[in-house]
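**Student:** This is the structure, below, for whatever I ask next.
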Amino acid sequence: MEWLDLPLVRCATGKVRLPGSKSISNRVLLLSALAEGTTVISNLLESDDTERMLDSLKMLGIAVTRTDEGRYLITGCSGGFTVKEAELFLGNAGTAFRPLTAVLSLMHGHYYLSGVPRMHERPIGDLVDALRQVGAVITYLEREHFPPLEIHPAAIHPADILINGNISSQFLSGLLMALPLAGEPATIIVNGTLISQPYVTLTIAQMAHFGVRVEQESWLRFIVPGNQIYRSPGKIAVEGDASSASYFLAAGAIAGGSVRVDGVGRDSCQGDIRFVEALEAMGACIKIGSDWIESSAPGCGPGGKVLKAIDFDCNHIPDAAMTLATTALFAQGTTTLRNIASWRVKETDRIAAMSTELRKLGAQVESGDDFLRITPPGGSLAANAVIDTYDDHRMAMCFSLISLGAPVRINDPHCVAKTFPDYFEKFAAITHQ
């Protein structure tokens, strides 16, 4: 196994240009492919997850061109893929697997969707059940309620759709993006409390860029009016990834003269922008502009006050909340992260993985179905701990912050390629011994 040793660093300061948002990138790619016309996409995230979506779209007959300037030209299919039979491998990209499942179920074709072993452990039954309500014919190829899937040609008849909201917001997002293809009005009724609500807001906003509107009644009912088609907006720029911003902003809060991220700010449509609320509650100094954020340690400089523990509802920031778990090791008191049940069905069981690795550093950790409680060690963090990353990009990036308190080894550092291939180079550029 490969590893990366991070030395102890004393200060974080500098500026980082963020890669494009993963969530926006894969939504924009799919909507561009479904639209009428050609879309020019700038600042698209280049990572394993977006590669899975791009490869799949090409196999489905979509013309994709990358320009010398790094832009992507996607020529849409006007609502119908020309390829009606394909086998798609989607790795561990939930932002590709879930919406493609929904879209392909309405394409009157025969498709196989598979991924890495972990993807086959991530539930998809609620989405499949919802699609079956409108006539989709989907077969589980191995285990009931889990990928891989076989999608058969089917006659679709839009109707009221009931879907559970407590497992993954990607199920609802996939349905929303797919239903306009049916051409008839459809209503989605959410059963229970919808988790990760900002990601659904993000989906609706991206659909609007392509000319399709969704009517919303609180978080319980979503109506997709009929006779709508996706039309290319011509050009679209992907804003910086707010989840990726969290690592650099946390570094500034822990030991920063100041760390600034460019590409995301006050005007962001991403829910993870609210990560800064948690940092402010911990005592960090935050400045924010329309497309930038800057953080520094309490007292606005190293050697000032220390961070303080918080009790925080993380429903709106499920990905960035992971960064709070390692930031908590630098705070006085016990930090409690609540409403994180979705961690169980991510790239790994993140509640279990985080608990195990935090304990290696001397922390006291208590966990449950939807919470994590972290008390830092009484003295220094354990030096030279070896952190396992579970093939989970966010585990690797979160635990890089430990180097602000102790030298640490990160196993399998290349797993960051899923969303941020050059993360460690950018992290090294803002950390100073």
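**Student:** Compute the distance in nm between two label points, each set 7 Å from the Cα along the Cα-to-Cβ direction, one at His157 and one at Gln332.
**Tutor:** 6.7 nm
**Student:** At 1.4 Å probe radius, can you tell me the per residue accessible area of the chain in Å²?
**Tutor:** That works out to 36 Å² for each residue.
**Student:** Can you spot the lysines whose alpha carbon is less than 17 Å from Lys58's alpha carbon? Ignore those fewer than 8 places along the same chain.
**Tutor:** Lys84
**Student:** Separate question: Quick check: from the Cα gyration tensor, does segment 22-237 come out rounded (a/c under 1.5), prolate or oblate?
**Tutor:** rounded
**Student:** How tilted is helix 94-105 with respect to the longest principal axis of the chain? Cα atoms for both, answer in degrees (0 to 90, nearest 10).
**Tutor:** Roughly 10 degrees, rounded to the nearest 10.
**Student:** In segment 79-121, what is the volume of the convex hull around the alpha carbon atoms, normalised per residue and reported in Å³?
**Tutor:** With only Cα atoms used, segment 79-121 gives 66 Å³ per residue.
**Student:** Let me check I've understood the local charge: for Phe275, count other residues with C-beta under 14 angstrom from its C-beta, Lys and Arg +1, Asp and Glu -1. What total comes out?
**Tutor:** That works out to -4.
**Student:** Let me check I've understood the local charge: for Glu2, count other residues with C-beta under 14 angstrom from its C-beta, Lys and Arg +1, Asp and Glu -1. What total comes out?
**Tutor:** -3
**Student:** What residue among Pro233, Ala35, Asn92 has its Cα farthest toward the positive end of the dipole of segment 22-237, where the charges are +1 on Lys, Arg and -1 on Asp, Glu, each on the Cβ?
**Tutor:** Pro233
**Student:** Could you give log10 I(q)/I(0) at q = 0.13, 0.22, 0.24 Å⁻¹ for segment 74-184, computed by the Debye formula over C-alpha point scatterers of equal weight, without solvent?
**Tutor:** Log10 I(q)/I(0), no solvent term: -0.42, -1.30, -1.55.
**Student:** Tell me the carbon and sulfur percent of the accessible area for the chain, rounded to whole percent, probe radius 1.4 Å.
**Tutor:** After summing per-atom areas, the C and S share lands at 49 percent.
**Student:** If you average the sequence gap of Cα pairs under 8 Å that are 6 or more apart and divide by the length of the chain, what percent do you get for the contact order?
**Tutor:** Once normalised by length, the contact order is 19 percent.
**Student:** Another question, if that's okay. Roughly what angle does helix 169-178 make with the longest principal axis of the chain, taking Cα atoms, 0 to 90 degrees, to the nearest 10?
**Tutor:** Tilt relative to the chain: about 30 degrees.
**Student:** For Lys346, which lysines qualify as cross-link partners when the Cα separation must be under 19 Å and same-chain residues fewer than eight apart are set aside?
**Tutor:** Lys22, Lys418
**Student:** Taking the Cα centre as origin and putting +1 on Lys and Arg beta-carbons and -1 on Asp and Glu beta-carbons, what dipole magnitude results for the chain, to the nearest 20 debye?
**Tutor:** 760 debye
**Student:** If you don't mind, there's one more thing I want to ask. Between Val64 and Lys308, what's the calculated FRET efficiency when r is the beta-carbon distance and R0 is 56 Å? Round to 0.05.
**Tutor:** With R0 = 56 Å, the Cβ-Cβ based efficiency is 0.70.
**Student:** Pull out a ≥ b ≥ c, the square roots of the eigenvalues of the alpha-carbon gyration tensor of segment 169-274, then state rounded if a/c is under 1.5, prolate if not and a/b is larger than b/c, and oblate in the remaining case.
**Tutor:** oblate
**Student:** Additional query: If the cut-off is a Cα-Cα distance under 20 Å, which aspartates and glutamates reach Lys308, setting aside same-chain residues fewer than 8 apart in sequence?
**Tutor:** Cross-link targets: Glu277, Glu280, Glu294, Glu366.
The values are calculated or read from the model by the stated rules, or taken from the named source; none is laboratory data. The structure displayed is predicted, hence computed values, not measured ones. Note that we place each Cβ from the backbone using ideal geometry, even for glycine, and neighbour counts take in every protein chain shown. When the accessible area is computed, the model is the full protein with side chains, heavy atoms only, and any ligands, DNA or RNA have been set aside. Shrake-Rupley method; radii C 1.70, N 1.55, O 1.52, S 1.80 Å.
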